[in-house]
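Everything below concerns the one structure shown next.
The values are calculated or read from the model by the stated rules, or taken from the named source; none is laboratory data. Remember, predicted model here, so these are calculated numbers, not experimental data. All Cβ positions, even for glycine, are placed from backbone atoms using ideal geometry, and neighbour counts span all protein chains on display. We work out accessible area using only protein heavy atoms, side chains counted, and drop any ligands, DNA or RNA first. Shrake-Rupley method; radii C 1.70, N 1.55, O 1.52, S 1.80 Å.
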Amino acid sequence: MPIVPLPFEIVSLAVIVLILIADIVLAYRRPHVPSTRESALWVGFYVALALIFAVLLLLVDGPEHATEFVAGWLTEYSLSIDNLFVFIVIMTGFAVPKKRQQEVLMIGIILALVFRGIFILIGAQLIENFSWIFYLFGAFLIYTAITQAFGSEHGDQTDTALIRFAKRHLSLTENYDGGRIRTTIDGKRYFTPILIVLISIGATDVLFALDSIPAIFGITDSPFIVFTANIFALMGLRQLYFLLGDLVERLKYLKYGIAFILAFIGVKLILHALHENELPFLNGGEHITAVPEIGTGLSLIVIVLSMAVATVASLISIKRDPDASLADLKPSVAEARRKEEAEEEERAQHHD
């Protein structure tokens, strides 16, 4: 397989890091709730940036890595939207002030990049030294696809064992103090709910990294492509949060599209593992060359069609029932919404 030219990797990563830094600075210097127009422009900018990167990759290195990048980026983008849904559950469940949600989301995205970077390094080393790891990756993705399609929802992300442990062992206040993690009340120092929110988001990022990294290694074995696809998938996620709002909760067929993609890549990984087989108890440790391999082009087509069908089916469902009630939303969001409404009503009564 051709290797991406090193100068291109260095320049690309430098530019991407500068863009990320600029986005972080902007989020902290202007804490606000972005308008729909502002969010749409930023999301469009980051999507265009990813496509420009793909074109540059095509010109510098040829179609193979460019196709792998687009397929990997779309896969990670779809998983990031699922990640975004859990962020919505967490923000709603902990009643994070709208003005501070940008900052919390930015930290969540940075944590996601850190965790995914760690898993990319581990995954690359495992693949380099143990070809049989593809069997495990494939089986894990198929299992994840089944639980995604037929299992329960993400659950109450505000009441996990980790959150309960933190609440028992930390001095916490129930009220926010701007974007501060620590605050002082009557001379005593307390942690604000922001800390619990960040712990919850960080734990979620770890879980999604466990899904996303095996998925993209099923498309490419280039750590550079894996890393850049993940970065571009996470870029603009903050703005996408405000752009989609409640819509992402009502894309009820999205999880089936994601599940199908994960299952497809899982099968692809197992076929690849059989083709490169070195396990002594299978075919005497010889490669099973009769097994077909799924190409990147076909993978790209399947990924695009899966997400398109899932999105269109969801939008048709919304059009048929535009006034879907709270009960029609995913259970975890519904519960969080009821909690938020109850708290707002209580605050209003106090104010009166």
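The figures follow:
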read-out: Which numbered condition ILE21 misses (of (1) under 15 Å from TYR241 (Cα atoms); (2) surrounded by fewer than 15 Cβ atoms within 10 Å (Cβ to Cβ)); value: (1)
read-out: Output for the stretch 84-134, where each listed residue is more than 23 Å from ILE225 (Cα to Cα), touching a Pro at 6+ places or on another chain (Cβ under 8 Å) and open to solvent by 50 Å² or more (accessible area, probe 1.4 Å); value: LYS99, ARG100
read-out: Leading residue by the ranking (modelled with the lowest pLDDT) among those in the stretch 1-15 that are surrounded by 10 or more Cβ atoms within 10 Å (Cβ to Cβ) and in a loop (DSSP other than H, G, I, E, B); value: ILE3
read-out: Sole residue being part of a helix (DSSP H, G or I) and buried (at least 19 other Cβ atoms within 10 Å of the Cβ), chosen from GLY202, GLY257; value: GLY257
read-out: Complete set of residues in the stretch 142-159 that are within 23 Å of ILE88 (Cβ to Cβ) and either open to solvent by 50 Å² or more (accessible area, probe 1.4 Å) or modelled with pLDDT of 75 or more (or both); value: THR144, ALA145, THR147, GLN148, ALA149, PHE150, SER152, GLU153, HIS154, ASP156, ASP159
read-out: When residues of the stretch 275-296 are limited to those that are open to solvent by 40 Å² or more (accessible area, probe 1.4 Å) and in a helix (DSSP H, G or I), the one modelled with the highest pLDDT; value: HIS275
read-out: Single residue of the stretch 297-310 satisfying the filter (open to solvent by 50 Å² or more (accessible area, probe 1.4 Å) and in contact (Cβ under 8 Å) with a residue 12 or more places away in the chain) that is farthest from GLU68 (Cα to Cα); value: VAL309
read-out: Per-region count, the stretch 160-191, residues surrounded by 14 or more Cβ atoms within 10 Å (Cβ to Cβ), without any contact (Cβ under 8 Å) to a residue 12 or more places away in the chain and within 25 Å of VAL86 (Cβ to Cβ); value: 0
read-out: Options VAL33, VAL25, VAL47; residue that is part of a helix (DSSP H, G or I) and more than 24 Å from THR220 (Cα to Cα); value: VAL25
